[in-house]
Structure formats: structure tokens, C-alpha cells
Amino acid sequence: MTPEGIRGEMDAAADAAASFDPLRPLLTRVAYRMLGSVADAEDVVQDAYIRWLGTDRSAVREPAAFLRRAVTRLCLDQIKSARHQRETYVGQWLPDPLVEEEEEDDVTLPLMLALERLSPLERAAFLLHDVFGVEFDEVAKTIDRDPAATRQLAARARTHVRDARPRYKLEKEQGLEIANAFFAASRSGDMGALGSLLAADVGMWADGGGKRPAVVEPALGYDIVLKLHRSFAVMYGKYGSTLVRAGMINGLPGFVTREADGEFQTTALEIEDGKVTGIYVMRNPDKLKHMH
């Protein structure tokens, strides 16, 4: 290739990056909300960038809409294979934990789990319209359905996920206060203090991915959850568990710890009326790589 040709390619790449890079955070958020995996979301967005490089960009009037459409379609393709992987997943599947500095939207961890139970098109319609504020006509073009069918998909999704949406806004400070109290009580073995934080119908879900020990089935109910934490406290007392930081994890208050095996762990707490109703623990090292 001639020097002019190389320079032309470099200019084209710089031009593509200049229009793509400002949109990358939004596109990554869309992909992550669709897939529940940080690595898969980044791969999809990179794939969209490669396609953008080969696109006649002068003919694209709205790069944001064009790229959001590309990312959503790539995610829909990915979900088909991801669904197959989930069927063979060891233990409970939880989305990758994101420790967020700022709350971007109200897609909390329980809502992401509810989205998993939707069809791929229902998920796309709900996220694009209800979460990212995309007009139905544009959503319809993205998922290749007519607007009426798209509205129906979103309405159906809304019905399915209604119970998983936060009923009221939990103040961040109050949430983190409870998360810190939960950490202190669970690690010190103060079961009285821990028990006072739990709702009667509390549930616990843990994802070890078959790579680290984790509760294989959901632990449901006050007595079972407290009993489990009593046995955990013995291990914490023996081997240690260090608080790395408290913060919002997938929209829920929680904390990141480094456990005795040197690996990270995240604990996210669903809280209603000042009581912990859900405990979501990520132990799968593959899903914690992005935190290193």
C-alpha cells in the first residue's frame, strides 16, 4: 500500500473513532443491560465499531440511532447462544456485577433477572423504550417489527417485570448504611444485629459458576438465610474477609470484599422498608475479572 493509502486509512479510522467514541459508554450500557455480561457487552460494542469503520458514514444521518440499532441486533444474535450457555450453567446465574459511581437508571439487579425471563424481543423493546427513552418507531426499526407489535412487546414485558421494579426510591446514604451494617454483622458473627436487618421473606442467591463454592439453590426465608450466615461467620472468623469498598452494585447498595482465597466477591442488597429482602452474592471469578 502506498503512503497515501496508509494515510487515508489512518484518517478514516480517526474519523470513525471521533464519531464512535463519545457514544461508546451509552452503547456499552445498552449491550450490558441486554446481555448481563461486561465482556460480552464490550465485544458487541467493538464488533459494532468494526462495522462502523466499514460503513459509508457520510450517508448516516443519525450515528447514535444507527449504532444503537447495530448493537441491539448484535445482542439479539448473542442472546440466542447465551441462552444455550445458561442452560448448562452450574448453579445460579447472576449478571456480572457493576460497581457504579453514579446511578445511570433504575435497572437494578432484580430487574435484570426479570429481563432474563423475557423473550429477546420483549427485552429489547422494554429496555430501548422504557429505560433508554427511544421512540417506538425507532425501536420498531431496530427489532424489525411494526410499531404496533413493538408496543405490544413492551407492554407484555412491563407486565412481567412490574414486581421487580423498585417500588420506591431508596436513599443511597440509607442503603449504604445498611450495607455497612450488614458487612459488620455478617463478618463479626453478630447474628442478633444481622437478624434485625433481615425481612421475614428474605432470599439469597449466589453465583459461583462452578468455579468457587456457592449456594447452588436459592436460600429462601429468614431462618435459612440466618443459619447460612451463622456458618459463613465461622469461616470468616477463621480465614478472614476484607472490605474493599461499599457502593452501588447494579443499582443496589452493597459491598466488595476480598475473600480468604484472594478473590473478589460482591454482595448486593435489595432493601424494602429498611429491611434486606434480597442478598445477591457474586463469587464466579470469570465475572469479577473487570474489577481487577
Q | Residue-level accessible surface for residue 160, protein heavy atoms, 1.4 Å, Å² | A | 120 Å²
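Counting Lys and Arg as +1 and Asp and Glu as -1, each charge on the Cβ, what is the dipole of the range 149-226 about the Cα centre in debye, to the nearest 20?
Details: 11 positive and 9 negative charges, 134 e Å.
It works out to roughly 640 debye.
Hey, what number do you get for the chain at 222 nm if only DSSP H runs of n ≥ 4 count, each worth -39500 (n - 2.57), divided across all residues, to the nearest 500?
On the way: 11 runs with 151 residues, N = 292.
Result for the chain, helices only: -16500 deg cm²/dmol.
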Q: May I ask which residue of 60, 243, 93 lies farthest towards the positive end of the charge dipole of the chain, with charges of +1 (Lys, Arg) and -1 (Asp, Glu) on Cβ and the Cα centre as origin?
A: 93
Q. Along the charge dipole of the range 201-281, which of 279, 229, 268 sits closest to the positive end, that is, farthest toward it, with unit charges on the beta carbon of Lys, Arg, Asp and Glu (+1, +1, -1, -1)?
A. 229
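Using a 10 Å cut-off on Cβ atoms, rank the peptides 178-189, 26-37 from the highest mean neighbour count down.
Values: 178-189: 18.2, 26-37: 22.1.
Result, highest mean first: 26-37, 178-189.
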Q: Specify the angular offset, from 0 to 90 degrees and rounded to the nearest 10, of the alpha carbon long axis of helix 222-239 from the longest principal axis of the alpha carbons in the chain.
A: 90 degrees
Q: Could you point to the residue in 182, 70, 121 farthest towards the positive end of the range 53-183's charge dipole, with +1 and -1 charges on the Cβ of Lys/Arg and Asp/Glu respectively?
A: 121
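Got a sec? What order do 201, 190, 137 fall in by accessible area at 1.4 Å, biggest, i.e. largest, first?
Working: 201 115, 190 75, 137 95 Å².
Descending order: 201, 137, 190.
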Q. Angle between the Cα long axis of helix 63-87 and the longest principal axis of the chain, 0 to 90 degrees, nearest 10?
A. 50 degrees
Q.
Given R₀ = 51 Å, what would the calculated FRET efficiency be for residue 151 paired with residue 243, taking r from the Cβ atoms and rounding to 0.05?
A. 0.65
**Q.** Difference of contour (0.36 nm per residue) and Cα-Cα distance, residue 80 to residue 193
**A.** 36.2 nm
Q. Tell me which lysines have Cα within less than 19 Å of residue 211's Cα, excluding those fewer than 8 residues away on the same chain?
A. 287, 289
Q | Accessible-area value, residue 135, 1.4 Å probe, nucleic acids and ligands omitted, Å² | A | 140 Å²
Q) About its Cα centre, how strong a charge dipole does the range 32-133 have in debye, to the nearest 20, once Lys and Arg get +1 and Asp and Glu get -1 at the Cβ? A) 660 debye
Q.
Using a 1.4 Å probe on the protein heavy atoms, what percent of the accessible area of the range 110-263 belongs to carbon and sulfur?
A. 54 percent
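Under the 0.36 nm per residue contour assumption, what length would be gained going from the current alpha-carbon distance of residue 144 and residue 64 to full extension?
Details: separation 80, 0.36 × 80 = 28.80 nm, distance 1.76 nm.
Extending this stretch completely gives an extra 27.0 nm.
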Q: Using a/c under 1.5 as the rounded threshold, could you call the range 169-292 rounded, prolate or oblate? The axes a ≥ b ≥ c are square roots of the C-alpha gyration tensor eigenvalues, and prolate needs a/b larger than b/c, oblate otherwise.
A: rounded
(Q) Give me the dipole magnitude in Debye, nearest 20, for the chain about the Cα centre, with unit charges on the beta carbon: positive for Lys and Arg, negative for Asp and Glu. (A) 700 debye
(Q) Nearest 10 degrees is fine. How inclined is helix 24-35 to the longest principal axis of the chain, computing both from alpha carbons? (A) 60 degrees
Q: With percent of Cα pairs over 32 Å apart in mind, check (1) 49; (2) 33; (3) 22 and report the label derived from this structure.
A: (2)
Q: Enumerate the calculated ³J(HN,Hα) couplings along the range 150-163 in order (Karplus 6.51 cos²θ - 1.76 cosθ + 1.60, θ = phi - 60°), each rounded to whole Hz, writing x wherever the residue is Gly or Pro.
A: 5, 4, 5, 4, 5, 5, 5, 4, 4, 4, 5, 9, 3, 5
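The values are calculated or read from the model by the stated rules, or taken from the named source; none is laboratory data. What you are looking at is a predicted structure, and each value in this text was computed from that prediction instead of being measured. We place every Cβ from the backbone using ideal geometry, glycine too, and count neighbours over all the protein chains shown. Quick note on the areas: whole protein, heavy atoms, side chains included, nothing else; ligands and nucleic acids left out. Shrake-Rupley method; radii C 1.70, N 1.55, O 1.52, S 1.80 Å.
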